[in-house]
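One structure below.
The values are calculated or read from the model by the stated rules, or taken from the named source; none is laboratory data. Because the structure is predicted, anything quoted here is derived from the model rather than measured. Here Cβ is always computed from backbone atoms with ideal geometry, including for glycine, and neighbour counts include all displayed protein chains. Only protein heavy atoms, including side chains, enter the accessible area calculation; ligands, DNA and RNA are left aside. Shrake-Rupley method; radii C 1.70, N 1.55, O 1.52, S 1.80 Å.
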Amino acid sequence: EKRTEDNNSTECSEPGAMDLKFTSSRKYISISVPSKSQAMSPHIKSVDDVVVLGINLSKFSKPTQFFICVSGVFMFYLIYGYLQELIFSVEGFKPFGWYLTLVQFGFYSIFGLIELQLIQDKRRRIPGKTYMIIAFLTVGTMGLSNTSLGYLNYPTQVIFKCCKLIPVMIGGVFIQGKRYNIVDVSAALCMSLGLIWFTLADSTVAPNFNFTGVVLISLALCADAVIGNVQEKAMKLHNGSNSEMVLYSYSIGFVYILFGLTCTSGLSPAVTFCSKHPVQTYGYAFLFSLTGYFGISFVLALIKIFGALLAVTVTTGRKAMTIVLSFLFFAKPFTLQYVWSGLLVVLGIFLNVYSKNMDKFKLPSLLGLWKKSVEERKSRTLSQTV
């Protein structure tokens, strides 16, 4: 009994230990709960780090993270959009949008594998079933989008893609159970209406619509609206890295597209055409894929840090800038209706940014301004009377 009491006093004096003891002649049970510093490994502490192209964004403040991500998205995706339109300007290439997506997915898989080898933790955290769903949605949004360029002009295709703000919000409600305020809804409506107005102006000035292209880009829009919410939920639930997301989603998508092209006999004509124009196809496709890979890395960082809705808002603004550059580098007719629709889109972006920072600043309401003017008038009258 004396030996048992000595053991009890020794173990209870250790910090961070909680012991449950049952003293008998034969049984002695001890349960120890380690302290937080012992339970938290260095790897788990660094799970929340967001590394993009070797830059650890977690070391910066939130505004700096936002600035870096937005700068990366705009810089790389503007080059991406220019190269995409340049590839489809090659005569005879328009029917091979799915093959371009196959080459793009192949390059993305290689880039993702290289980046994954450069980081310390190479384990796959997100389940394979989730990656199969994400890969299917990625194939839908990118493959159908590239294929639609064979039927629609580039600004019209971009305008349709920009209208995904409302589907993203609907997907956020049903997939993640989110609730958006009236300012978010107003921002989505302003941006979507502005972009639709842009589409109507484009159809009036330079009609180049095809019902097949409209169906393709509409399906791509639906897939694009869902994929952001699925990626955000998977990355936050399993703490997956950007390079892991890119590698597994695009490599599985590569298999999907290769199987589809093989079954539809669309692989051989595309390979034959691209072999005759290797620089204009594979050369541009490499640069196109490289800038797209860098761009998607910053988009995933935006999704992981700030959420899918803000990421979509940034990419929508980038698409509007892409349209402007498209008019500058490729000859197209112009109308002032483009300007008014662009201003409506800018208003939507402002409302979305304001919604994310409502706790930091408040816009003066009409009622508040009226009350303030009445009080100033009363005080002025009182001072004159005195």
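Descriptive notes on the structure:
- Cβ-Cβ FRET estimate between Glu375 and Asn239, R0 fixed at 56 Å, reported to 0.05: 0.60
- Remark: for residue pairs Lys59/Lys129; Lys59/Lys304; Lys94/Lys161; Lys59/Lys178; Lys59/Lys319; Lys129/Lys236, the C-alpha separation exceeds 21 Å in Lys59/Lys129; Lys59/Lys178; Lys59/Lys319.
- Glu244, Glu115, ranked by accessible area, largest first (probe 1.4 Å): Glu115, Glu244
- For Trp98, the accessible area of its heavy atoms, probed at 1.4 Å with every protein chain present, is near 80 square angstrom.
- The label point for Leu328 and the one for Val183, both projected 7 Å from the Cα toward the Cβ, are 3.1 nm apart.
- Rounded to the nearest 10 square angstrom, Arg124 shows an accessible area of 120 square angstrom against a 1.4 Å probe.
- Separation of the Ser71 and Thr335 label points, Cα + 7 Å toward Cβ, nm: 3.9 nm
- Protection proxy ranking for 186-196, 274-284, using the average of other Cβ atoms within 10 Å per residue and placing the highest first: 186-196, 274-284.
- Sorted largest first by accessible area at a 1.4 angstrom probe radius, with every protein chain in place, the residues Lys94, Lys59 fall in the order Lys59, Lys94.
- Inter-probe distance in nm under a simple model that places probes 7 Å from Cα toward Cβ, at His277 and Ser218: 3.0 nm
- Entry comment: accessible area of segment 60-356 is 44 Å² per residue, from protein heavy atoms only and a probe of 1.4 Å.
- Accessible surface of segment 60-356, 1.4 Å probe, proportion on carbon and sulfur as whole %: 73 percent
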